[in-house]
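Below you'll find the structure, written out as structure tokens, and then a few comments.
The values are calculated or read from the model by the stated rules, or taken from the named source; none is laboratory data. Predicted model, so just to flag it, every value in this text is computed and none were measured. When we count neighbours, we look across all protein chains shown, and the Cβ atoms used for this are built from the backbone with ideal geometry, even at glycine. Accessible surface is based on the protein model in full, side chains and every heavy atom, while ligands, DNA and RNA are left aside. Shrake-Rupley method; radii C 1.70, N 1.55, O 1.52, S 1.80 Å.
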Amino acid sequence: KFYALPQAPQQFKQLLMTSGFDRYFQIAPCFRDEDARGDRSPGEFYQLDMEMSWATQEDVFAVIESVLPPIFAKYGTYNIASEAPFKRIGFEESMEIYGSDKPDLRIDLTVQDATALLGEIGFGPFEGNTVKAIVVTDFVGTRKQIDGLCNEVEVQSGNKAYWFRYDEKCEIVGGIAKFVQPIKDKVVEALGLQPNCFVGLTAGKKLAAQKTAGVLRNKLGAFCPNHMDKERYEFCWIVDFPMYEMGEESGELEFCHNPFSMPQGGMQTLLDAEGDTEKLLAINADQYDLVVNGYESASG
């Protein structure tokens, strides 16, 4: 008999653990109990689900890293997949360097913080905001293509992207060049610019600037074949998710990622921080995501 459930049979699996089965796995057809989204299907897919008793995070990582690469390399569209151990990136580091907690590591571009450098150049959207920069070397693109990229970023993120170029004559041109020109030498040194560099910029509150930079990074990577090796699977673990965050809409303390997790340091960490918002926001959880080519493919 086959049937669909809105959730994984979590409690049944855990009952097996307590009854003496130390390991359990299933390969099962699943139906998502949610609306369709751009990066996932509402219909049937097959899930590899596993439980292990007395397992550490390292135990889980070791199993996954031995199972998935040969499957992807043999049955996937591409025949190259990351070898163990996968890269491990903390949540805060991932947001700061890649602008996302689902980074596509096939793209070699990274995000730099340019708040101190460009925050006071007299450009309105930068004033009082966090500013992020992405430097693209050997950039070949027309003004029309750049405008198209920026439009796509705004549609996807809801925030504008800005830009300028450091051309073959070592001049600052295009986009917001007139605001950058007065501190040209400082900018060239701080961002490590070389002739024919494109600099994409985002601004806003920290999280908005980060997320917009993440969208811009993906668009630039897809546009620049010399900065993205598309035909491979690049895995990474995102670790150290915050237990809590301040809700963007509610303005109140909310679970950041998954409430069904142990806080790092155990229950005592929660008790010690009870009633103190700053302490609660500083707590990380024992949870992690497995990301491949910019998509979350597993969680634990």
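Key figures for this structure:
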| item | result |
| --- | --- |
| Count - residues of segment 219-248 that are in contact (Cβ under 8 Å) with a residue 24 or more places away in the chain, surrounded by fewer than 16 Cβ atoms within 10 Å (Cβ to Cβ) and under 20 Å from Asn293 (Cβ atoms) | 4 |
| Filter pass, Ser94 being assigned to a helix (DSSP H, G or I), of a type outside the set (Lys, Arg), open to solvent by less than 30 Å² (accessible area, probe 1.4 Å) and in contact (Cβ under 8 Å) with a residue 12 or more places away in the chain | yes |
| Test set (1) aliphatic (A, V, I, L, M); (2) open to solvent by 70 Å² or more (accessible area, probe 1.4 Å); (3) over 26 Å from Lys87 (Cβ atoms) - Met262 fails condition number | (3) |
| Among (1) at pLDDT 95 or above; (2) not in a strand (DSSP E or B) - the single one Trp237 does not satisfy | (2) |
| First in segment 170-182 and in contact (Cβ under 8 Å) with a residue 12 or more places away in the chain and of a type outside the set (S, T, N, Q), second anywhere and in a loop (DSSP other than H, G, I, E, B) and open to solvent by less than 70 Å² (accessible area, probe 1.4 Å), Cβ under 6 Å, 6 or more apart | Cys170/Pro195; Ile176/Phe123; Phe179/Ile121; Phe179/Gly122; Phe179/Phe123 |
| Test for Leu109: is it under 27 Å from Arg217 (Cα atoms), part of a loop (DSSP other than H, G, I, E, B) and either in contact with a Lys or Arg (Cβ under 6 Å, 6 or more places away or on another chain) or modelled with pLDDT under 85 (or both) | yes |
| Filter result (of a type in the set (D, E, K, R) and either part of a strand (DSSP E or B) or buried (at least 24 other Cβ atoms within 10 Å of the Cβ) (or both)) within segment 192-218 | Arg217 |
| Qualifying position, being at pLDDT 95 or above and open to solvent by 30 Å² or more (accessible area, probe 1.4 Å), among Pro103, Pro125 | Pro125 |
| Checklist (1) of a type outside the set (Lys, Arg); (2) surrounded by fewer than 17 Cβ atoms within 10 Å (Cβ to Cβ); (3) under 19 Å from Leu207 (Cβ atoms) applied to Gly148, failing item | (3) |
| Flag if Thr142 is among the β-branched types (Val, Ile, Thr) and under 30 Å from Ser261 (Cβ atoms) | no |
| Any hit, segment 161-181, residues being open to solvent by 50 Å² or more (accessible area, probe 1.4 Å) and within 24 Å of the chain's Cα centre (by Cα) | no |
| Qualifying positions in segment 158-191 - touching a strand residue (DSSP E or B) at 6+ places or on another chain (Cβ under 8 Å) and in a helix (DSSP H, G or I) | Ala177, Val180, Gln181, Lys184, Val187, Val188, Leu191 |
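Residue by residue, here is whether (1) charged (D, E, K, R); (2) open to solvent by less than 80 Å² (accessible area, probe 1.4 Å); (3) modelled with pLDDT under 90 holds:
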| position | (1), (2), (3) |
| --- | --- |
| Tyr3 | no, no, yes |
| Ala8 | no, yes, yes |
| Leu15 | no, no, yes |
| Pro29 | no, yes, yes |
| Pro42 | no, yes, yes |
| Phe45 | no, yes, yes |
| Leu48 | no, yes, yes |
| Trp54 | no, no, yes |
| Glu58 | yes, no, no |
